[in-house]
Structure formats: C-alpha cells, structure tokens
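Q: Supplied in structure tokens, the structure appears directly below.
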Amino acid sequence: MIEVKDLVKRYGDTAAVNHVSFQIHPGEIVGFLGPNGAGKSTTLRIMTGFLPPTAGEVFVGDHSAQEDTKAVRRLIGYLPENNPLYEDLRVREYLAFRATLKGIPRKARKGRIQEVLEACEVTEVKDRIIGACSKGFRQRIGLADALLANPPVLILDEPTVGLDPVQIVHTRSLIKTLSADHTVILSTHILPEVEAICSRALILHHGALLYDGPVSELRQGLGGEAGGLLCTVSADAEAARRCLEGVEGVERVERLATAEGPPRFHILTAQGKDAREGIFRACAAAGLPLLELSVQQVSLEEAFLSIMTQENSSEVLS
Amino acid sequence: MRAVMAIARKELTSYFFAPMAYIVIAAFLLMNGFIFSVILAALSQPGAFSAQPMLLFFGGTTFFWIFMIVMTPVITMKLGAEERKTGTIETLMTAPVSDLEVVLGKYLGAMALYVAAWLPTVLYAWVLTAYSKVDVGPVISGYLGVLLVGLFFIAIGLFTSLVSKNQVVAAMLCFAILLVLILISILTFLVTDPFWKPILQYVDLWSIMQGFAKGVVDSRSVVYCLSGTALFLALGYQAMQTRRWR
C-alpha cells in the first residue's frame, strides 16, 4: 500500500530524515514512535506529498507522492500535527468545505458529513464556530475531516495530543474501529498508545529507523533480559524470603518497597527456567499464603530506552 | 472549478464571519458617501466649474486612490499569510486540490468582497438621476474601470499575502507596491523626457481611471490592467509552487 524508499530530508546541514525505508501493507495499523524531533512529522508530511524529500521516493498505492500528488492525496486522510483548522467557520461549514475540496459528490455530501460527525462524536457542536470548540472537539473535528472522503489510508500525526484521559480512550477506540477497513499510520511519542492500538511499530530516532517490527516483539525482543517475577506473600518478610530463595531456579530475591501490607518481592530466575510452580509448592508447603504471583512485563518505556541507549553507545563506538 | 468555487466561497464566508468585511464595507461606504456629498456640494456652488459628479467620483479625487491602497491590503492580507501562520495550509494542500485552484479560489473570494463593497455605490448614481440628467454610459464605463483596477490591485494583494507568513508584512508590502503604482501618476506629470513620458502615460492609473469615468474604454487601459492582473496571479502561483521545494 505504502512504500518508502531510502527517504532523506535535509534542512540545511541537519538531516531530519536519514535514509529511511519501510513498507506498509493494506489493513495494517502502524505506530510511528520516537521522541519529539525524531523526524516523525517530516516523514508523514513527505508521505502526504506536502513536503518534497531531498532524496528517496514514496509510493502510495501505485502513485508517487512527489509526481502524482493529487492521486496520492485522494488516497489519504491526513490529520496534521497540532490539527490546524479554520477558526472562524462553523463545524458543519468547515466539513462541507472540505467535502467539496475532496470531491465528494454534492448529493452524498450531507449524508457523509452526518456520518463522520456521528463517528467522531461531534454532532453536538456542529453549529458551533470552530474557534469556540474545546481542544477535544477540535481534535475530533480534524479526525472527522480526515475520514470524510473515506480514504483507504489514514495518516494521523499525534492524534491524542492535548486530550484528557477520557477523550484519549475514546479516540483510541475510534482509531481501532477504523483500522478494520483502513490502513492507519499514527505517530506518537506515547508508547502505551502504540501498544493499545497498533500491530506494528516503527521507531525513529534522530531521523533514522531504529526498529521495524510487531509491537509484541518490541516488548520481548528488545527489553533486554526477562523481567522476572513479582510475588506477594502474606507472611513475615524474612520467612518469606528464605522460602522463596529455596526454590529451584530462583537466582535472586529482592524485597520491593511497599507502603504497607504484606511484603512484595521481585524474583529473578535463571535463564529459561519458569519457577512459578516451584514457588507455589514451596509456599504451600511452608504454609505461607501466596497473594500474588505474576510475570513482570517489560514496559515499552524500558524497551524504548534500551533501544535508544544501544543506539547511542554504537554511535560512540563507530 | 469545483475546488476554486469552494475556496472562493470559504474565503467570502470567512470575511463575513469575522467583523472584517463589515468594517471594510462600512468604512468604505461612509468615506465614499462623505466624498460624494462633498463633490456634490462643491459642484452646486455658484460659479463652480461644470463637471459630471461621477467623473470626479471615479478616480477624480485623491480620496479614491487613498481608499484603494488602504482597502486592498485589508481585504487581501490574510488570504495566504494566515494559512501559513495557523498551519491550515497543510490541511489545504494535502486535500486533492492544485496550487492553481487555490490561487484562483482565493482571488475570486477577495474579488467578491471588493465588488460587494462597491455595489452599494450604484445608489449614488441612482440618487443623481432624481435631481439631474445623468449620462449612463460613463457611469457604466466608470464601474468597468473600478472593476479592472480592482482586479489588478487584488491580484497584487494576493501575491504579497502568498509570499508572507505575517499578515502585517503582507499588508505593508501590498501597500508599498500600490503606492508606487499611484505615484507614477505624479511622475507622469513631472517627467518631460520624450522617451519616458509615453511609457509612464501608458501605466498612469489616474488618467486611466479618468478615461473610464469619461466614458472612454481604451483598449490599452484594459490590456494594462488585465496583464498586470495576470502577472501578479502568475507570481502568486509561482510563490505557491516554490513553497513546496523548501
């Protein structure tokens, strides 16, 4: 669906995007990750044909984003960063204007606007002037605009920035619904967002592509060593520690700081060993009630940091 | 064409949603009405030279040109500059529209406001018919002149707005270009050099407007205004194109 070939974008001497290549297949929902200034927005802008690349090519469908811009724009619904809107128009006027620009036939326009208003839950402000709408509504108006022509590809640049937690949940679930019949590319610097919505992650840092793969592997493969186990035992801390340390496969037991209640431990196990069953039996045998036993998940933040630090150290080496 | 009309309508709607259109039109009509009554009063004086009031009204006074060089940048300054400043240029230019459609749409929208500001002045001519005999021909050609000069000036304003990111800069730039065009009239009056005089006369907007107001539709004047319009529209289009290569 989308092919990015060896994309380079320079501003003067600094390379905002540095030899980035990837492909996105129809129906995928891809998260573009990276800290601010990593080159996410620049890459997305080139993909929409808004910015010309310094070198490299982008194809959407079979069209070059540089040469056949108009055809590419027809395939894409784009929500730019900061979601710029015409402040002085009413919501429905704005959408009517955008629908005309996008070539939606006059007859279908009204119905389609109604549909996107409902899908994005902005019907209640449809007669309001955009400048008077809250940030949450504005963001969803931008999203409604991106959806108008029902394009096969949606490119959303930081769609949840500035929203409150409830709106974030709404927007994410909306995007997830959309992914059923759209190819979605969204950029964010919030890792759990990618985890919540995306099937695939692309990580950009200093304009270079650091990771391209499934989100699930991002967690396992790049988190470094396994996270270990978390265990809470309703007993005296020392007795519990002795019991846990005695289990086969357990290498180290650390007590975690808890404000009150029973002691909680972080248990590191030997590589490839699953000590969970042993822990259960040991606690049962010692008569210590086991309140919690879980595998610690490596957070995406940790994975992300580890990727970036690896990158930094390799930079130093080379 | 569909996109051009949509953009033109959007621009016109924006004008009327903001207080700007009302301020422009109200100030324009107030000042024009005042000037018109002053012209009438002066011509009604015993011993005043005899002239057609509408002849003075169309470009026959400095006020006409002052309005033109103030009103034009006010109408056009936000057309391109605001889109850049607020970033809406990004949503606009990622919709399936061409640069040319955007330029023409914005131009038409601004022209519509210009025409809307002038339209009520038709009443002045109508009021005159109630009191004296008015020759309709020169009035019509006068309005043709107003339209042609408007086409030219609005094209200049659109161009300056398309190259600026700041509305004030756009307005000042437009103001400066228009001022130079008007000052040529004074220069024409002063210059005696046989080489420069005819050239300056060709582009002397003051006498061009006076020609129209007298009922003379000189094809040279029409060509001058239209080619000026085309030139600045082309420059505006070029400004849109080069934006993409940064």
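Q: Tell me, which residue of segment A:5-57 that is of a type in the set (A, V, I, L, M) and in contact with a helix residue (DSSP H, G or I) (Cβ under 7 Å, 6 or more places away or on another chain) is nearest to A:Pro214 (Cα to Cα)?
A: Of everything passing the filter in segment A:5-57, A:Ile29 is nearest to A:Pro214 (Cα to Cα).
Q: Right, A:Thr232: hydroxyl-bearing (Ser, Thr, Tyr), more than 30 Å from A:Thr48 (Cα to Cα) and either over 15 Å from the mean Cα position of the chain (by Cα) or assigned to a helix (DSSP H, G or I) (or both) or not?
A: Spelling it out, A:Thr232 is indeed hydroxyl-bearing (Ser, Thr, Tyr), more than 30 Å from A:Thr48 (Cα to Cα) and either over 15 Å from the mean Cα position of the chain (by Cα) or assigned to a helix (DSSP H, G or I) (or both).
Q: Something else about it: Residues in segment A:28-46: is at least one exposed (fewer than 14 other Cβ atoms within 10 Å of the Cβ), at pLDDT 90 or above and outside any strand (DSSP E or B)?
A: No, segment A:28-46 contains no residue that is exposed (fewer than 14 other Cβ atoms within 10 Å of the Cβ), at pLDDT 90 or above and outside any strand (DSSP E or B).
Q: Continuing with the same structure: Please verify whether segment B:136-158 includes one or more residues that are of a type in the set (A, V, I, L, M, F, W, C), more than 23 Å from B:Phe16 (Cα to Cα), surrounded by fewer than 23 Cβ atoms within 10 Å (Cβ to Cβ) and within 14 Å of chain A (Cβ to nearest Cβ).
A: Among the residues of segment B:136-158, not one is of a type in the set (A, V, I, L, M, F, W, C), more than 23 Å from B:Phe16 (Cα to Cα), surrounded by fewer than 23 Cβ atoms within 10 Å (Cβ to Cβ) and within 14 Å of chain A (Cβ to nearest Cβ), which makes the answer no.
Q: What do you reckon, is B:Val139 in a helix (DSSP H, G or I), in contact (Cβ under 8 Å) with a residue 60 or more places away in the chain, more than 25 Å from B:Leu235 (Cβ to Cβ) and hydrophobic (A, V, I, L, M, F, W, C)?
A: So B:Val139 fits the description; yes.
Q: Within segment A:1-49, can you find the residues that are within 21 Å of A:Ser179 (Cα to Cα), within 14 Å of chain B (Cβ to nearest Cβ) and of a type outside the set (Val, Ile, Thr)?
A: Listed by number, the residues that qualify are A:Ser41, A:Leu44, A:Arg45, A:Met47.
Q: Can I ask one more? Does B:Thr242 satisfy being of a type in the set (Ser, Thr, Tyr) and either more than 14 Å from chain A (Cβ to nearest Cβ) or not in a helix (DSSP H, G or I) (or both)?
A: Against the criterion (of a type in the set (Ser, Thr, Tyr) and either more than 14 Å from chain A (Cβ to nearest Cβ) or not in a helix (DSSP H, G or I) (or both)), B:Thr242 does not qualify.
Q: Which residues, taken from segment B:132-163, are among the aromatic types (Phe, Trp, Tyr) and closer than 13 Å to B:Ala213 by Cβ?
A: Across segment B:132-163, the qualifying residue is only B:Tyr143.
Q: Go through segment B:1-42 and count every residue that is part of a loop (DSSP other than H, G, I, E, B) and exposed (fewer than 13 other Cβ atoms within 10 Å of the Cβ).
A: Of the residues in segment B:1-42, 2 are part of a loop (DSSP other than H, G, I, E, B) and exposed (fewer than 13 other Cβ atoms within 10 Å of the Cβ).
Q: Based on this model, can you work out whether B:Ala41 counts as within 14 Å of chain A (Cβ to nearest Cβ) and of a type outside the set (Phe, Trp, Tyr)?
A: no
Q: Specify the residue that is nearest to the other protein chains (Cβ to nearest Cβ); the eligible residues are those in segment A:50-95 that are under 29 Å from A:Thr14 (Cβ atoms), among the hydroxyl-bearing types (Ser, Thr, Tyr) and in contact (Cβ under 8 Å) with a residue 12 or more places away in the chain.
A: A:Tyr78
Q: For a quick check of your reading: which helices (runs of 4 or more DSSP H) sit entirely within segment B:78-133 and have at least 3 residues that are away from every other protein chain (no Cβ under 14 Å)?
A: Result: B:99-118, B:122-131.
The values are calculated or read from the model by the stated rules, or taken from the named source; none is laboratory data. Model, not experiment: these values are computed from the prediction. As a convention, Cβ positions derive from the backbone with ideal geometry for all residues, glycine included, and neighbour counts pool all protein chains shown.
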